[in-house]
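Please read the structure below before turning to the comments.
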Amino acid sequence: MRVAIKTLGCRQNQYESDALQELLGRDGYTAVGPDEAADLFIINTCSVTNEADADSRQAIRRAVRRNPSARVVVTGCYAQVGAGEIAAIPGVAMVAGNGEKAQLAELIAGLGERRPPLIAVSDIQQSRRFAPLPPPVGATRSRALLKVQDGCSYRCTFCIVPETRGPNRSQPTDAILRDLRALVEAGYPEVVLTGTHLGTYGRDLPIGGSIAGLAAEMLEAAAPARLRLSSLDPHEVGEELIGCFGRFDNLCRHLHLPLQSGDEAVLKRMRRSHTADDFRGLVARLVEAVPGIAIGTDVIVGFPGEGDAEFEQTYRLLDGLPIAYLHVFNYSQRRGTVAATMPNQVPKSVRSARSVALRTLSDAKWQQFRQTQVGQSCSAVVLEGRDARTGRLEALTDNYMTVRLEQTEGQIGRVVDLTIVAATERETVGRMGARRADGLIPISEGR
C-alpha cells in the first residue's frame, strides 16, 4: 500500500505529516511523493487565511482527480473548521480534525468503503492534554522537527488559529527529552522546535515550566546536535532565554520575533502583548548579547485602520533596527475573526504598495546582514542540498544563512565547518574550513 501526504501551511503541520508517515510506515504503508499514484492520499490542510482554505480545497480536488481509486483523507486546520465544506467534495473518504491526528492511523485502518465520508472532528476547545505523535526518525530531512507544544490561548484579532488548534497544551519535559534523544541517535545534526505558540510552553503543566527552562534541558541532552527555536512573541523572550546563547554553543543564533506592526494604536487593535518600544529594546539586548544573531520578524500591512502615518511608524522602526529580514503579509480578512468586521478596511492597492516597500527594505536588510558575516567562520553547519543548476553544495548556518559552497563533493546531512567568503545580491558563498589568524584551514571530513 502506498501513501502520499500533501502538507500545506506551517512547520507544525510539516512535523505532524512526518509523524503520520512514521505511524503509517509501521502499518506497512510505503511513502510516495504527492505527485505519484497512491492508495491512500492525506492532505494536511492550512486555514490561516481565506486564501489558505481555497488552496486546501484545490489540493483536495487535485488529489481526487489524480488518484480516483485512492482513499482521500483530509486533516489539519481547515478540516477542523470546515469539515462540512470538505465532506461535500466528491471523492473525499474522511475528514479528521487536528484533535484526531494522533488516532489517524487507527481511523484509516477501520475506514472501509464509506459513503458519505466519515467526519471525525471533535471540539478542539475542550482539549486539555497534549496528544503525542512519534518522533519522525525516518523523515527524509537534513534537519529534524520536534513539536513540544500545541494550541494558543491568546486572541489576536486577526487570527483564526485558536479556533483551529484549541488552547495551549504542552508535552511533558521527560517525553520531549526522550523524543529528542531518539532524533539525535537517528543522526540528525539539528532539531527545530515547533509549536502553535512556542513561547507559552509549560504554562499548563502541573509543575509549571517555561520555554527557557525547556531549551536549557534540551540543549544539554542534544549536544553536540544543534537546537533551533521557531517563532517566539517578543514579550516571551526574557533574560533566562537570552542567557542560554552564552551558556550553550549548540543553540542556533537565530530568533524569529513577530512584530506585526510598529504603531502602538494598531498593536492595540490587534491585541498584541508587546509595544514597539518593547520590540526595540529586545532587539538591542539580543544584538549586544549574541554576536552574529539573525533576528527576523513578521509584519502585517494594511490592518484595518492603518493609515499612512501608522505605516510610516512601522517602516521607520524596522529601518532603524539591526534585524536581518522581514516576512511581510498583506492583511487578509479571515472569516470568524474580530478584525474581519472592523471598520476602515484598507484597499488592496494600498496594501500591495506597502508590502512592496517593506519587502524592498527586507532585501536590503538581508544583504546588509550577510555582508557583515563575510570572513566569519561558522561551525557545525549542516549540508542541506545542492544547487540544481551548478551542483554546488548548499548549507544552512546556525544564524539562518543558506550558503552556497565552492565545493561540489560532500554528503547531504553531514556537518562541517565553513568560512563565508562573499555575500552578493544573489547568494552567500562559503568554503569548507575554519579561518585562523594565519589563514584558512581546510576541513575535508565532517565531525
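The values are calculated or read from the model by the stated rules, or taken from the named source; none is laboratory data. Quick caveat, the model's predicted, so the values are computed rather than measured. When we count neighbours, we look across all protein chains shown, and the Cβ atoms used for this are built from the backbone with ideal geometry, even at glycine.
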In this structure, does R65 turn out to be among the charged types (D, E, K, R) and over 20 Å from G99 (Cα atoms)?
-> yes
Looking at P116, P135, P167, which one is within 28 Å of Q411 (Cβ to Cβ) and part of a loop (DSSP other than H, G, I, E, B)?
-> P135
Among the residues of the stretch 203-223, which ones are surrounded by fewer than 14 Cβ atoms within 10 Å (Cβ to Cβ) and under 19 Å from F130 (Cβ atoms)?
-> P206, I207, G208
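Restrict the check to the stretch 59-76 and report whether at least one residue is of a type in the set (A, V, I, L, M, F, W, C), more than 21 Å from C10 (Cβ to Cβ), part of a strand (DSSP E or B) and in contact with a strand residue (DSSP E or B) (Cβ under 7 Å, 6 or more places away or on another chain).
To start, the set of residues in the stretch 59-76 that are of a type in the set (A, V, I, L, M, F, W, C) comprises 59-60, 63-64, 70, 72-74.
Cutting the leftovers down to more than 21 Å from C10 (Cβ to Cβ) gives us 64, 70, 72.
Retained after the next criterion (residues that are part of a strand (DSSP E or B)): 72.
Next, only the ones that are in contact with a strand residue (DSSP E or B) (Cβ under 7 Å, 6 or more places away or on another chain) stay: 72.
Taking every residue of the stretch 59-76 in turn, at least one turns out to be of a type in the set (A, V, I, L, M, F, W, C), more than 21 Å from C10 (Cβ to Cβ), part of a strand (DSSP E or B) and in contact with a strand residue (DSSP E or B) (Cβ under 7 Å, 6 or more places away or on another chain).
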For the stretch 406-423, enumerate the residues that are more than 15 Å from A380 (Cβ to Cβ), out of contact with any Lys or Arg (no Cβ under 6 Å at 6 or more places or on another chain) and of a type in the set (G, A, S).
-> A422
One residue from L255, L286, L267 being under 30 Å from V374 (Cβ atoms) and not in a strand (DSSP E or B) = L286
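Among the listed residues E51, E106, E85, which satisfies the condition of being assigned to a helix (DSSP H, G or I), of a type in the set (D, E) and within 24 Å of G28 (Cβ to Cβ)? Full working, then the answer.
Details: E51 fails: within 24 Å of G28 (Cβ to Cβ); E85 fails: within 24 Å of G28 (Cβ to Cβ).
Selected residue: E106, the only one of E51, E106, E85 that is assigned to a helix (DSSP H, G or I), of a type in the set (D, E) and within 24 Å of G28 (Cβ to Cβ).
Being surrounded by 24 or more Cβ atoms within 10 Å (Cβ to Cβ), in the same structural domain as L111 (by TED's automatic domain parsing) and of a type in the set (A, V, I, L, M, F, W, C) is the requirement here; does V81 meet it? Before you say what the answer is, go through the steps one by one.
Numbers: surrounded by 24 or more Cβ atoms within 10 Å (Cβ to Cβ): no; in the same structural domain as L111 (by TED's automatic domain parsing): yes; of a type in the set (A, V, I, L, M, F, W, C): yes.
No: the conditions fail for V81.
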Quick one: which residue in P206, P162 is free of Cβ contacts under 8 Å to residues at least 24 places away in the same chain and part of a helix (DSSP H, G or I)?
-> P162
